[in-house]
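The structure under discussion appears below in the form of structure tokens.
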Amino acid sequence: MVFYNALLNRNDLIINYKNILGIYLLHNSVNGKQYIGSGYNLSTRLFIYYYLSRLIDKKKNNII
């Protein structure tokens with residue numbers, strides 16, 4: 001399934017992917033960078049991306 005705006009589709013992501021195992025790709029349409037990840041419970045895994053503090057790589061000072 002493709003979501004073009006993870007912020008607008010937040011509730012669908014959290015509700016529909018509870019206890020679902022999978023792989024996901026996040027694409028930044030501003031700079032073209034991509035991130036591939038996976039999780040046993042995609043709902044929980046994807047939910048952390050809505051918290052900016054969880055996205056900062058403290059070692060590299062990068063934001064996904």
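Report ³J(HN,Hα) in whole Hz for each residue of the range 38-49, in order, from the Karplus equation J = 6.51 cos²θ - 1.76 cosθ + 1.60 where θ = phi - 60°; Gly and Pro get x.
My calculation for the range 38-49 gives 8, x, 7, 10, 4, 4, 5, 4, 6, 4, 5, 6 Hz in order.
Using amide H atoms built in the peptide plane, which far-off residues or other-chain residues are under 5 Å from G39 H to H?
Residues meeting the amide H criterion: G22.
Measure off 7 Å from each Cα along the Cα-to-Cβ vector at N11 and Y35, then give the distance between these two points in nanometres to one decimal.
2.5
Need the full-extension length gain, N19 to S43, defined as separation in residues times 0.36 nm minus the C-alpha distance. One decimal, nm.
Here the segment from N19 to S43 would lengthen by 7.9 nm.
Quick one: in the range 1-48, what % of C-alpha pairs are over 15 Å apart?
Here the tail beyond 15 Å accounts for 43 percent of pairs.
Only the coordinates and a few stated rules stand behind these numbers; no lab work does. Note that the structure is a prediction, hence the values are computed from the model and not measured. Note that each Cβ is placed from the backbone with ideal geometry, even for glycine, and that neighbours are counted across all protein chains shown.
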